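K.L.:
Encoded as structure tokens, here's the structure I'll be asking about.
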Amino acid sequence: WHHSSHRRELVAVPLRIAHRGMPRLARENTLPSFAMAMEAGADGLELDVHATRDGVVVIHHDATLASGADIAQLTFAELRRHDAAPGVAIPTLAELCDLVDDRAELFVELKGAGIEREVLAVLADHRGSHAVHGFDHAQIARVRALDPSIRLGILLEAPPRELVPVMRAAGATDVWPYWPLVTAPLVAAVHAAGGRVIPWTVNDSAHAAALAALGVDALCGDDVTILPPR
């Protein structure tokens, strides 16, 4: 009995990462949504960033606002005339860093083009754990060139022919596959390369359990309460 319980403790339970906060309860990518996620037990927060015309890094998924305005064409003052939800501001990355401090790991997805320096400047002042990831692997490689110390990740919608060379080319150690792509060989390859496997977007508890059994390092979903407790 003692032996089996000891063995159970050796199995790492995946980090629970809140995908844009708790989007089923509060507007995604807002401070109230991220605060709810931490209250619900999130180990990490996943978020999307763009930069305004005057270089302020803001948290928003799309390049355009609901009004149709392009974030990159607006000054921050102009952006703040638009709400994410009624009475809820579109937050800055710096505001989220202040809210979170070291209570959760930040996983920052680069959505805007050419915003590497601005994002790194904000994260340089953040004392908590953080990492940067994106679909544009060349952009991730540019982040690596600017700051070799930052933890980087690549998002995958389809399986690459050779995963480890793709990781190395981007300077990435985190691999974010669309969750159905995760297999035991993929997990083994990433772990052998010293990386973490973080499937997205996991919104079913049975899928979460199956992925955890494969040895993934984290699970990213819209409701962290359905992910295996740590």
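K.L.:
Step by step: first the residues of segment 64-90, then only those that are farther than 20 Å from residue 108 by Cβ and assigned to a helix (DSSP H, G or I), then the one that is most open to solvent (accessible area, probe 1.4 Å). Which residue is that?
P.N.:
That would be 73.
K.L.:
Given the conditions (1) in contact with a helix residue (DSSP H, G or I) (Cβ under 6 Å, 6 or more places away or on another chain); (2) closer than 18 Å to residue 85 by Cβ, report the number of the one that residue 56 does not fulfil.
P.N.:
(2)
K.L.:
Test residue 46 against the stated conditions and say whether it is of a type in the set (Asp, Glu) and either more than 24 Å from residue 155 (Cα to Cα) or assigned to a helix (DSSP H, G or I) (or both).
P.N.:
On the way: of a type in the set (Asp, Glu): yes; either more than 24 Å from residue 155 (Cα to Cα) or assigned to a helix (DSSP H, G or I) (or both): no.
Judged against the criteria, residue 46 is not a match.
K.L.:
If residue 125 meets every condition in (1) open to solvent by less than 70 Å² (accessible area, probe 1.4 Å); (2) assigned to a loop (DSSP other than H, G, I, E, B); (3) touching a helix residue (DSSP H, G or I) at 6+ places or on another chain (Cβ under 8 Å); (4) of a type outside the set (S, T, N, Q) apart from one, which number is that one?
P.N.:
(1)
Let's see how each residue does on (1) touching a strand residue (DSSP E or B) at 6+ places or on another chain (Cβ under 6 Å); (2) of a type in the set (Lys, Arg):
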{"residue": "111", "(1), (2)": "yes, yes"}
{"residue": "114", "(1), (2)": "no, no"}
{"residue": "121", "(1), (2)": "no, no"}
{"residue": "124", "(1), (2)": "no, no"}
{"residue": "127", "(1), (2)": "no, yes"}
{"residue": "130", "(1), (2)": "yes, no"}
{"residue": "147", "(1), (2)": "no, no"}
{"residue": "153", "(1), (2)": "yes, no"}
{"residue": "158", "(1), (2)": "no, no"}
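K.L.:
While we're here: Can you run down the residue pairs with Cβ atoms below 6 Å, 6 or more apart or on separate chains, where the first is in segment 20-44 and over 17 Å from residue 176 (Cβ atoms) and open to solvent by less than 10 Å² (accessible area, probe 1.4 Å) and the partner is in a loop (DSSP other than H, G, I, E, B) and of a type in the set (A, V, I, L, M, F, W, C)?
P.N.:
33/22; 33/26; 37/22
K.L.:
Let me ask something additional. I'd like to verify a number: residues in segment 45-63 that are surrounded by fewer than 24 Cβ atoms within 10 Å (Cβ to Cβ) and either among the small types (Gly, Ala, Ser) or modelled with pLDDT under 95 (or both), how many?
P.N.:
So the count comes out to 2.
K.L.:
One residue is enough: does segment 99-117 have a residue meeting the conditions over 21 Å from residue 42 (Cα atoms), part of a helix (DSSP H, G or I) and modelled with pLDDT of 95 or more?
P.N.:
Scanning segment 99-117, I find at least one residue that is over 21 Å from residue 42 (Cα atoms), part of a helix (DSSP H, G or I) and modelled with pLDDT of 95 or more, so the answer is yes.
K.L.:
Give all pairs with beta carbons closer than 6 Å in which a residue from segment 74-95 that is without any contact (Cβ under 8 Å) to a residue 40 or more places away in the chain and among the hydroxyl-bearing types (Ser, Thr, Tyr) meets a residue that is part of a strand (DSSP E or B) and open to solvent by less than 60 Å² (accessible area, probe 1.4 Å); count only pairs at least 6 apart in sequence or on separate chains.
P.N.:
Here the result reads 92/58, each pair linking segment 74-95 to a residue that is part of a strand (DSSP E or B) and open to solvent by less than 60 Å² (accessible area, probe 1.4 Å).
K.L.:
Filtering segment 177-187 down to residues that are free of Cβ contacts under 8 Å to residues at least 24 places away in the same chain and more than 11 Å from residue 154 (Cβ to Cβ), which residue is farthest from the chain's Cα centre (by Cα)?
P.N.:
To start, the set of residues in segment 177-187 that are free of Cβ contacts under 8 Å to residues at least 24 places away in the same chain comprises 177-178, 180, 185.
Subset that is more than 11 Å from residue 154 (Cβ to Cβ): 178, 180, 185.
Details: 178: 13, 180: 18, 185: 23 Å.
The selected residue is 185.
K.L.:
Hey, any hits in segment 189-204 for a residue that's in a helix (DSSP H, G or I), farther than 27 Å from residue 99 by Cα, touching a Phe, Trp or Tyr at 6+ places or on another chain (Cβ under 9 Å) and open to solvent by 10 Å² or more (accessible area, probe 1.4 Å)? Steps first, answer last, please.
P.N.:
Kept after step one, since they are in a helix (DSSP H, G or I), are these residues of segment 189-204: 189-192.
This time we only want the ones that are farther than 27 Å from residue 99 by Cα, so: 189-192.
Retained after the next criterion (residues that are touching a Phe, Trp or Tyr at 6+ places or on another chain (Cβ under 9 Å)): none.
No, the conditions are met nowhere in segment 189-204.
The values are calculated or read from the model by the stated rules, or taken from the named source; none is laboratory data. Just so it is clear, the structure is predicted and the values come from calculations on it, not from any experiment. Cβ atoms come from the backbone with ideal geometry, glycine included; neighbour counts cover every protein chain shown. Side chains are part of the model used for accessible areas, which takes the heavy atoms of the whole protein and leaves out ligands, DNA and RNA. Shrake-Rupley method; radii C 1.70, N 1.55, O 1.52, S 1.80 Å.
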